[in-house]
Amino acid sequence: MVAETADAAASGIIRYTWVIALLPFISAALILFFGKRVPGKGSGFGILAVGAGFVMSLAVLWHFVQGGGIYASSVSWFSVGSFEIELGQYVDGLTAVMLVVVTAVSLCVHVYSLGYMHGDVRFTWFYVVLSLFTGAMLNVVIADNLIQLLVGWEIMGVCSYLLIGHWYEEKENSDAAIKAFLTTRVGDVPFMFGIFALIFATGFTTSNIHEISELVGGPGVSASLVSAAALLLFGGTIGKSAQFPLHVWLPDAMAGPTPVSALIHAATMVAAGVYLVGRMYQVFLAADPMVLQVVGIVGGITMFGAALLALVQFDIKKVLAYSTISQLAYMVILMSVGEAGRNAAFFHLFTHAFFKALLFLGAGSVIHAVHSNDMRDMGGLRRTMPVTFWTFVIGSAALAGLPPLAGFWSKDELLVAASEGHEVVFTLLLVAAVITAFYTTRMVLMTFFGELRSDAHPHESPASMTGPLVALAGATLAVGFLGAGPAGAVFFDWVFLEHPEAVELVPWVAGLSIAAAVLGVVVGWFVYRRYRDPDPTLEMGGFSRILVNKYYLDDVYLKGIVHPIRDTVSAGVYWFNQHVLDGVVNGAARVTRRAASAIGWFDRTVIDGAVNGAGQVTRGFSGVLRFIQTGNVQWYAVALFVGVIALTIVFVRIA
Amino acid sequence: MIRLPLILIFSAFLFSAGVYGVLARRNAVMVLMAIELMLNAVNVNLVAFAAQLGDITGQVFALFVIAVAAAEVGIGLAIVILIFRNRATINVDEVNLLKW
Amino acid sequence: MSAQEYAFIVLAVVGSASAIAVVTARNVVHAALYLVLSLLSVGGVYLVLGAEFVAWVQILIYVGAIVILFLFGLMLTKAPIGRDTLDNQRRWLGALVGLGIFAGLVFMIQDAFDVRGDAWAFEPVQATTEQVGSAMFRSYILPFEAISFLLLAALIGAVVLARKDDAA
């Protein structure tokens, strides 16, 4: 059963949007089975699939640029009673934009990995999981119902685990992978309950997002249930998008290969949480306003806490990780502000994907050259790695929010949306902008300026790595204008088929945001112009200690949750498994062995006895019967005479 | 006056002795001799009844038996000699080619 | 018990004893001689029973020809001497069977005839050679011819069998 919306007259490429999500799955299977035997070790399949997906995504986006309409279709997958579960696609402007983002970043990562993962022990497997992940994320983006979205969501979780733990020979890598998986899991459980609550609240008829969005807020739907569902859904966002208190996995996830960090932890997976909130925004609007306040508070705490933590990091990837958490929190706060905020959040999501991926890949290039993640081992790399340097600077400028780059426009949208009646949020955002610019400058200065502080001999990375850097830098430069007020803010036209109100450039807001960014850059310049050892951020006494220990949150989790469970429940389950379950299994095995030996005895003694006995009986009979033919004449005579006697007796007796 | 049963018992005895000889002797010629005994026993029977009944048929028959016995012994011994030539033995236990 | 009966009993005892001796002698030549004795006693019994012709034919053929044949046979086949070489393992079985036959026959005789009493005592009819001859050549001419055929066949057969194979 294929259901289509009124705009079903859509023709051409948009009907086949689902192919974009299918291609990476096919390529994952191909790489899995044939990857090792193909020249290029499977990377070709992945690049082809994602590249084709990218081209198709552009075509789909073009459909919307030209003012095309929404397209949705689905097929029935299976049904539970009267509840039908479908597989379908819901293609609107937001979907198209997300498709472009995901395929573009994934393509860059695929190409980048050719150089970065060259000679890796599990090169082919890496591409398998990379394709699988891309397919799952694309599935999340085009899903038209919550169940399908959940499927993609979970697959992403697994792929993230596999990719973070790619070099699992080091225990800390596999530990980080498990931490990531479990922590996002903690968020996934409320997410699932949220889905169930929503389905139940809307009368248990559909899991289709569009339909739910329309039903929610209508009569007969329990508002408290909807509020609860919204909160639960947000739980999934907290987990996947690394918000407080489940942000702890993202910094540790930097143990994975850098292309993975770029793909997953910059552009796609972490964005899925924000995307979820945006997609289900009608639910949030229909819920109690308290829900959105909670969203805002969580975002606020996360933004600040993460930005401060970035100050004391020396691992360049960890700086970027905390920066990502902070930026995501930006988006979350925006979501809590209202529909205008939602639009702005999506724009920031869009631009952040590009420049964060750029920054990660650039960091990977630097790490590759210096063979160390630690910024204290770097320095002066702008001379030896010019391409990396300039692209990195562009990304950093975008991150700090300097015009005319993408970051500025989206931050501007943030601030404009927040300035309408949310003064506290506004102030917080400004302060956070200062801190963001500060740590970004610190990162750039420590890495690229000054003198090299290690024995490494850095050289520029190969073209397969610098190519994506340049491409992403170009994208970063360009996409900012798509949402810029002066340029018409066409982004919002494409995505939301609407022209939001507060998109003009409000001068005082823009001026404040520029000032904040510049302030941060200048202070950073002054502090880090010359390399300072020990780093000033570590010299702030107790404050530094708290930051270095990440607010002791990891310790709380470890000692408060993990250890108690491990030592009691896990130990108990382990004991149960070893003694009861294994006991049952071993016991069954023992019983089977006994039965088998009994049957064996039976077989040997009784059955073989019967068979052998039959043989013996036959031998006995034949032993007797063979006397009939001894060849000895006298014996025959004996038989004859005995027969005569017998017959005589018989006849005499009878007669 | 001779009691018939006595003659018959005598004949039976000769016959039994012949049977024992046929079964127990190893030498083929001995076996033939025992067969002669058995034939004689039969003859005694025939003649006895001929005498008792006054019918000459018994005696005629006895003569025929003697003739047959003679022929049989001739052939029998010829065969025994042949066997002896082939196998260098006339032990009936050893001449058992008909065994299975 | 008449004189004939006495004569018969004496002859019977001798014949029986010598018959036993025939089948149990250790020396084959002794056995053959005992056979002569046995056959002679049987011939005597025939005489007692009034069958003159049969008696003389018995002595003539059996003792005179057949036993000689036996002796020739024994000589040509180098018959060994000694108990274990003459009697086989089945002695006891043969004895058993022999006794069984004897018992069976005696039982039948006793069942059909009155052994103790004189019911079956008879006076032997003296038969003349002329009677034998006329019976043979009149009533029993066919068997006679057949017998002569048989004797011819036996003769030829014996010659053929006993002939040494010439290298052809």
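The values are calculated or read from the model by the stated rules, or taken from the named source; none is laboratory data. No experiment lies behind these values; they were computed from the predicted model shown. Quick reminder, even Gly has a Cβ in these numbers, built from the backbone with ideal geometry, and neighbours come from all protein chains shown.
Give segment A:145-172 a look and list any residue that's more than 16 Å from A:L233 (Cα to Cα) and over 16 Å from the mean Cα position of the chain (by Cα), or say none.
Passing the criteria: A:W167, A:Y168, A:E169, A:E170, A:K171, A:E172.
For segment B:70-92, name all the residues that are free of Cβ contacts under 8 Å to residues at least 40 places away in the same chain and at the interface with chain C (Cβ under 7 Å from one of its Cβ atoms). First the steps, then the outcome.
Start the filter on segment B:70-92 by keeping residues that are free of Cβ contacts under 8 Å to residues at least 40 places away in the same chain, which leaves B:70-72, B:74-75, B:78-79, B:81-82, B:84-89.
Listed by number, the residues that qualify are B:A70, B:A71, B:G74, B:I75, B:A78, B:I79, B:I81, B:L82, B:F84.
Any residue at all in segment A:339-356 that is closer than 30 Å to A:R453 by Cβ and touching a helix residue (DSSP H, G or I) at 6+ places or on another chain (Cβ under 6 Å)?
Our first condition is that a residue be closer than 30 Å to A:R453 by Cβ; within segment A:339-356, this holds for A:355-356.
Subset that is touching a helix residue (DSSP H, G or I) at 6+ places or on another chain (Cβ under 6 Å): A:355-356.
Yes, that holds for at least one residue.
Working carefully through the options A:S241, A:S224, find the one that is hydroxyl-bearing (S, T, Y) and at pLDDT below 85. Full working, then the answer.
On the way: A:S241 fails: at pLDDT below 85.
Checking each option against the conditions leaves just A:S224.
Restricting the search to segment C:1-20, which residues are part of a helix (DSSP H, G or I) and over 17 Å from the mean Cα position of the chain (by Cα)? Outline the logic, then answer.
Step one: of segment C:1-20, the residues part of a helix (DSSP H, G or I) are C:3-20.
Selection gives C:A3, C:Q4, C:E5, C:Y6, C:A7, C:I9, C:V10.
Can you tell me which residue is surrounded by the fewest Cβ atoms within 10 Å (Cβ to Cβ) among those in segment C:11-22 that are facing chain B (nearest Cβ under 8 Å) and not hydroxyl-bearing (S, T, Y)?
The initial filter retains those residues of segment C:11-22 that are facing chain B (nearest Cβ under 8 Å), namely C:12, C:15-16, C:19-20, C:22.
Those left that are additionally not hydroxyl-bearing (S, T, Y): C:12, C:15, C:19-20, C:22.
Values: C:A12: 24, C:G15: 28, C:A19: 30, C:I20: 18, C:V22: 29.
The qualifying residue surrounded by the fewest Cβ atoms within 10 Å (Cβ to Cβ) is C:I20.
Looking at segment B:12-31, which of its residues are farther than 16 Å from C:V106 by Cα and either charged (D, E, K, R) or more than 7 Å from chain C (Cβ to nearest Cβ) (or both)?
Matches in segment B:12-31: B:V22, B:R25, B:R26, B:A28, B:V31.
Here is a yes/no grid of residues against (1) crowded, with 24+ Cβ neighbours inside 10 Å; (2) at the interface with chain B (Cβ under 9 Å from one of its Cβ atoms); (3) over 24 Å from B:Y20 (Cα atoms); (4) modelled with pLDDT under 95:
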{"residue": "C:T24", "(1), (2), (3), (4)": "no, yes, no, yes"}
{"residue": "C:L37", "(1), (2), (3), (4)": "no, no, no, no"}
{"residue": "C:V42", "(1), (2), (3), (4)": "yes, yes, no, no"}
{"residue": "C:L49", "(1), (2), (3), (4)": "yes, yes, yes, yes"}
{"residue": "C:L71", "(1), (2), (3), (4)": "no, no, no, yes"}
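Could you say which residue among A:Y552, A:Y557, A:Y531 is of a type in the set (F, W, Y) and outside any helix (DSSP H, G or I)? Can you show your working first?
Values: A:Y552 fails: outside any helix (DSSP H, G or I); A:Y557 fails: outside any helix (DSSP H, G or I).
The conditions single out A:Y531.
Taking the residues in segment A:623-655 that are surrounded by 13 or more Cβ atoms within 10 Å (Cβ to Cβ) and outside any helix (DSSP H, G or I) as candidates, determine which candidate is nearest to the other protein chains (Cβ to nearest Cβ).
Among those that are surrounded by 13 or more Cβ atoms within 10 Å (Cβ to Cβ) and outside any helix (DSSP H, G or I), it is A:G631.
Confirm whether C:A65 is within 7 Å of chain B (Cβ to nearest Cβ) and part of a helix (DSSP H, G or I).
Numbers: within 7 Å of chain B (Cβ to nearest Cβ): yes; part of a helix (DSSP H, G or I): yes.
Considered against the rule, which asks whether it is within 7 Å of chain B (Cβ to nearest Cβ) and part of a helix (DSSP H, G or I), C:A65 comes out as yes.
Of the residues B:L77, B:L82, which is at pLDDT 90 or above and either more than 27 Å from C:H30 (Cα to Cα) or not β-branched (V, I, T) (or both)?
B:L77
Which of the residues spanning segment C:100-137 are among the aromatic types (F, W, Y) and farther than 25 Å from A:F651 by Cβ? Break it down into steps so the answer makes sense when it comes.
Filtering segment C:100-137 for residues among the aromatic types (F, W, Y) gives C:102, C:107, C:113, C:120, C:122, C:137.
Across segment C:100-137, the qualifying residues are C:F122, C:F137.
List every residue pair whose Cβ atoms lie under 7 Å apart, where the two residues are 6 or more positions apart in sequence or sit on different chains, the first residue falls within segment A:62-84 and is more than 21 Å from A:A201 (Cβ to Cβ), and the second residue, located anywhere, is exposed (fewer than 12 other Cβ atoms within 10 Å of the Cβ).
Partner pairs satisfying both residue conditions: A:S73/A:V2; A:S74/A:V2; A:V75/A:M1; A:V75/A:V2; A:S76/A:M1.
Does A:Q313 satisfy the criteria of being of a type in the set (S, T, N, Q), closer than 18 Å to A:I435 by Cα and out of contact with any His (no Cβ under 8 Å at 6 or more places or on another chain)? Steps first, please.
On the way: of a type in the set (S, T, N, Q): yes; closer than 18 Å to A:I435 by Cα: yes; out of contact with any His (no Cβ under 8 Å at 6 or more places or on another chain): yes.
So A:Q313 passes the test.
Within the group A:V216, A:V270, A:V260, A:V221, which residue is crowded, with 24+ Cβ neighbours inside 10 Å and farther than 22 Å from A:Y557 by Cβ? Steps first, answer last, please.
Working: A:V216 fails: crowded, with 24+ Cβ neighbours inside 10 Å; A:V270 fails: farther than 22 Å from A:Y557 by Cβ; A:V221 fails: crowded, with 24+ Cβ neighbours inside 10 Å.
Checking each option against the conditions leaves just A:V260.
Only one of these conditions is not met by A:G541: (1) surrounded by 12 or more Cβ atoms within 10 Å (Cβ to Cβ); (2) within 23 Å of A:T441 (Cα to Cα); (3) of a type in the set (G, A, S). Which number is it?
(1)
Any residue that is acidic (D, E), in a helix (DSSP H, G or I), under 31 Å from the mean Cα position of the chain (by Cα) and on the phi < 0 side of the Ramachandran plot - is there at least one of those in segment A:392-412? Even if it seems obvious, please write down each step before you answer.
Step one: list which residues in segment A:392-412 are acidic (D, E), which gives A:412.
Within this subset, residues satisfying the condition of being in a helix (DSSP H, G or I) are A:412.
Narrowing the set further to residues that are under 31 Å from the mean Cα position of the chain (by Cα) leaves A:412.
This time we only want the ones that are on the phi < 0 side of the Ramachandran plot, so: A:412.
Yes, the conditions are met somewhere in segment A:392-412.
Quick one: in segment A:232-257, which of the residues that are of a type in the set (V, I, T) and crowded, with 24+ Cβ neighbours inside 10 Å is nearest to A:V101 (Cα to Cα)?
If we filter segment A:232-257 for residues that are of a type in the set (V, I, T), which is where we start, we get A:237-238, A:248.
This time we only want the ones that are crowded, with 24+ Cβ neighbours inside 10 Å, so: A:237-238.
Working: A:T237: 19, A:I238: 22 Å.
Within segment A:232-257, the match that is nearest to A:V101 (Cα to Cα) is A:T237.
Here is a yes/no grid of residues against (1) over 19 Å from A:R382 (Cβ atoms); (2) acidic (D, E); (3) surrounded by 15 or more Cβ atoms within 10 Å (Cβ to Cβ); (4) free of Cβ contacts under 8 Å to residues at least 12 places away in the same chain:
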position	(1), (2), (3), (4)
A:T427	yes, no, no, yes
A:L430	yes, no, yes, no
A:T440	no, no, yes, no
A:M446	no, no, yes, no
A:F449	no, no, yes, no
A:E460	no, yes, yes, no
A:G467	yes, no, yes, no
A:A473	no, no, yes, no
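So in segment B:57-100, with the set limited to residues that are outside any helix (DSSP H, G or I) and of a type in the set (D, E, K, R), which one is farthest from C:R91 (Cα to Cα)? First the steps, then the outcome.
Of the residues in segment B:57-100, the ones outside any helix (DSSP H, G or I) are B:88-100.
From what is left, the residues that are of a type in the set (D, E, K, R) are B:93-94, B:99.
On the way: B:D93: 13, B:E94: 16, B:K99: 21 Å.
Restricting to residues being outside any helix (DSSP H, G or I) and of a type in the set (D, E, K, R), the top hit is B:K99.
Tally the residues that are out of contact with any helix residue (DSSP H, G or I) (no Cβ under 6 Å at 6 or more places or on another chain) and either surrounded by 15 or more Cβ atoms within 10 Å (Cβ to Cβ) or of a type in the set (A, V, I, L, M, F, W, C) (or both), restricting the search to segment C:115-126. Break it down stepwise before answering.
Just the residues of segment C:115-126 that are out of contact with any helix residue (DSSP H, G or I) (no Cβ under 6 Å at 6 or more places or on another chain), to begin with: C:116-119, C:121, C:123, C:126.
Retained after the next criterion (residues that are either surrounded by 15 or more Cβ atoms within 10 Å (Cβ to Cβ) or of a type in the set (A, V, I, L, M, F, W, C) (or both)): C:119, C:121.
Residues in segment C:115-126 being out of contact with any helix residue (DSSP H, G or I) (no Cβ under 6 Å at 6 or more places or on another chain) and either surrounded by 15 or more Cβ atoms within 10 Å (Cβ to Cβ) or of a type in the set (A, V, I, L, M, F, W, C) (or both): 2 in total.
Give the residues of segment C:111-145 that are among the acidic types (D, E) and over 11 Å from B:L4 (Cα atoms), sorted by residue number. Full working, then the answer.
Applying the first criterion (among the acidic types (D, E)) to segment C:111-145 yields C:111, C:114, C:118, C:123, C:130, C:145.
Correct list: C:D111, C:E130, C:E145.
I'm trying to understand the selection: among the residues of segment B:45-56, which are surrounded by fewer than 24 Cβ atoms within 10 Å (Cβ to Cβ), facing another protein chain (nearest Cβ under 7 Å) and either of a type in the set (A, V, I, L, M) or part of a helix (DSSP H, G or I) (or both)? So that I can check it myself, show each step before the final result.
Step one: of segment B:45-56, the residues surrounded by fewer than 24 Cβ atoms within 10 Å (Cβ to Cβ) are B:45-46, B:49, B:52-56.
Then keep just the ones that are facing another protein chain (nearest Cβ under 7 Å); that gives B:52, B:54, B:56.
Scanning segment B:45-56 gives B:Q52, B:I56.
Would you mention how many residues in segment C:97-141 are farther than 30 Å from A:V644 by Cβ, in a helix (DSSP H, G or I), facing chain B (nearest Cβ under 9 Å) and under 24 Å from the mean Cα position of the chain (by Cα)? Break it down stepwise before answering.
First, pick out the residues of segment C:97-141 that are farther than 30 Å from A:V644 by Cβ: C:118, C:123, C:125-139, C:141.
Then drop every residue that is not in a helix (DSSP H, G or I), which leaves C:129-139, C:141.
Add one more test, that the residue is facing chain B (nearest Cβ under 9 Å), and what stays is C:131-132, C:134-136, C:139.
Remaining after also requiring under 24 Å from the mean Cα position of the chain (by Cα): C:131-132, C:135-136.
So the count comes out to 4.
If you take the residues of segment B:32-42 that are within 30 Å of C:E130 (Cβ to Cβ) and at the interface with another protein chain (Cβ under 7 Å from one of its Cβ atoms), which of them is surrounded by the fewest Cβ atoms within 10 Å (Cβ to Cβ)? Steps first, please.
Of all residues in segment B:32-42, those within 30 Å of C:E130 (Cβ to Cβ) come to B:36, B:39-42.
Narrowing further to those that are at the interface with another protein chain (Cβ under 7 Å from one of its Cβ atoms): B:36, B:40.
Values: B:E36: 25, B:N40: 29.
By that ranking, first place goes to B:E36.
Could you check segment C:129-148 and list, in sequence order, the residues that are among the β-branched types (V, I, T) and over 12 Å from B:F64 (Cα atoms)?
In the first step, residues of segment C:129-148 are kept if they are among the β-branched types (V, I, T); the result is C:129, C:132, C:141, C:147.
If the condition is that a residue be among the β-branched types (V, I, T) and over 12 Å from B:F64 (Cα atoms), then C:T129 is the only one that fits.
Could you list, in sequence order, all residues of segment B:14-27 that are assigned to a helix (DSSP H, G or I) and surrounded by fewer than 24 Cβ atoms within 10 Å (Cβ to Cβ)? So that I can check it myself, show each step before the final result.
Let us first name the residues in segment B:14-27 that are assigned to a helix (DSSP H, G or I), namely B:14-24.
Scanning segment B:14-27 gives a single hit, B:F15.
Yes or no: C:A154 crowded, with 16+ Cβ neighbours inside 10 Å, outside any loop (DSSP other than H, G, I, E, B), modelled with pLDDT of 90 or more and touching a Gly at 6+ places or on another chain (Cβ under 6 Å)?
On the way: crowded, with 16+ Cβ neighbours inside 10 Å: yes; outside any loop (DSSP other than H, G, I, E, B): yes; modelled with pLDDT of 90 or more: yes; touching a Gly at 6+ places or on another chain (Cβ under 6 Å): yes.
When the stated conditions are applied, C:A154 passes them.
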